[in-house]
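Reviewing the structure listed below.
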Amino acid sequence: SLLYNAGRVLSYTMIGGIVGALGSAVSFSGTARGIVSMTAGIFMVIMGLNMLNIFPWLRRFIPHMPKIFVTKFHMSGEHGPFFVGLFNGLMPCGPLQAMQLYALGTGSPVKGALSMLVFSLGTVPLMFGFGAVSSFLSSKFTHKIMRVSAALVMVLGVVMLNRGFSLSGINPLGLITAKAASQSNAATVKGDEQEITTQLQANSYTPITVQKGIPVKWTIRADAGAINGCNGTVTIPQYNIAKTLQPGDNEIDFTPKQTGVIT
């Protein structure tokens, strides 16, 4: 367990520094981040199905460690768990991918590495706990835990898929409907622009209705306690807007160019 977790912490930290440096040199659009999230989500759903062994043919779509690495790094030897931990940072895992996207957004190799270091250290106690508990469980009970784990992996995969769709400006689940839009707050036209103010919710955004062709001044009022990791950044992919919310009034300006639903 010590070797495995040491490898994981080192791997996560190094990858955080690399993607942080990449973020400082290249600006990634919401669509690009969405593709990463969707890819991770798809892999997670496939991994969950493979854990349940429902469709054995799906195993060909999950990348496996090349045999040359297994031999070169002695995966089954004394230090095998350390090398497995090192490669763990490349696993298509939803929460891990989300943190890598966060590290990418820092635009700094130091901040990226630090954020992934803190994340990895935070997961160590739980990983140790699972390792200790599993050593006392019967194989029958372990099999049941695997089935529950598979279901959780698939649920997280669907969440990551939905996150990816949202970042890409796609709304496949119909979370924003015409009915919701019709019941939403309507902007007020003042002079050459239209203004609308909404209060940030902890688990959702309030739908708004605006008119095409008139510049919008959208003010989001956010209480410090209402901002969290899920709603802290508002993205409007159609207009290349990504606004990180701060406590107080946050202004978003854009001009609707066509009618319809804007995700």
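The values are calculated or read from the model by the stated rules, or taken from the named source; none is laboratory data. Worth saying up front: this structure is predicted, and the values here are computed from it rather than measured. Quick reminder, even Gly has a Cβ in these numbers, built from the backbone with ideal geometry, and neighbours come from all protein chains shown. Note: accessible area is taken over every heavy atom of the protein model, side chains too, but ligands, DNA and RNA are not part of it. Shrake-Rupley method; radii C 1.70, N 1.55, O 1.52, S 1.80 Å.
Across all directions, the shadow cast by the convex hull of the chain built on its C-alpha atoms averages 17.5 square nanometres. Taking the DSSP bridge list for region 117-263 and keeping only pairs wholly inside it, about 65 percent are antiparallel. Ordered from highest to lowest accessible area with the whole protein assembly present and a 1.4 Å probe, Ile214, Ile54 read as Ile54, Ile214. Surface composition of the chain: carbon plus sulfur atoms hold 65% of the accessible area, using a 1.4 angstrom probe and ignoring ligands, DNA and RNA.
Could you work out the helix-only [θ] at 222 nm for the chain, with each DSSP H run of four or more residues adding -39,500 (n - 2.57) and the total divided by the number of residues, to the nearest 500 deg cm²/dmol? Here the helix-only value at 222 nm equals -17000 deg cm²/dmol. With respect to the chain, whose longest principal axis is taken over its alpha-carbon atoms, helix 2-25 is tilted by about 30°.
With each label modelled as a point 7 angstrom along the Cα→C-beta vector, the Ser1-Phe128 pair spans 0.7 nm. Histogrammed with a bin width of 10 Å, the alpha carbon distances of region 190-263 distribute as 18, 53, 25, 3 percent, first bin at zero. Between Leu90 and Thr263, the FRET efficiency estimated from the beta carbon spacing at R0 = 30 angstrom works out to 0.50.
Using a 1.4 angstrom probe, figure out how much accessible area the chain has per residue, in square angstrom, rounded to the nearest whole.
60 Å²
Taking a ≥ b ≥ c as the square roots of the eigenvalues of the Cα gyration tensor, an a/c ratio of 1.5 or more together with a/b larger than b/c marks region 119-263 as prolate. Note on the chain: antiparallel DSSP beta bridges, both residues inside, total approximately 65 percent of the bridges counted. The listed peptides 109-117, 83-91, ordered by packing as a protection proxy, come out as 109-117, 83-91 (highest mean of other Cβ atoms within 10 Å first).
For the residue pairs Lys111/Lys144; Lys111/Lys190; Lys190/Lys243, the alpha carbons lie more than 31 Å apart in Lys111/Lys144; Lys111/Lys190.
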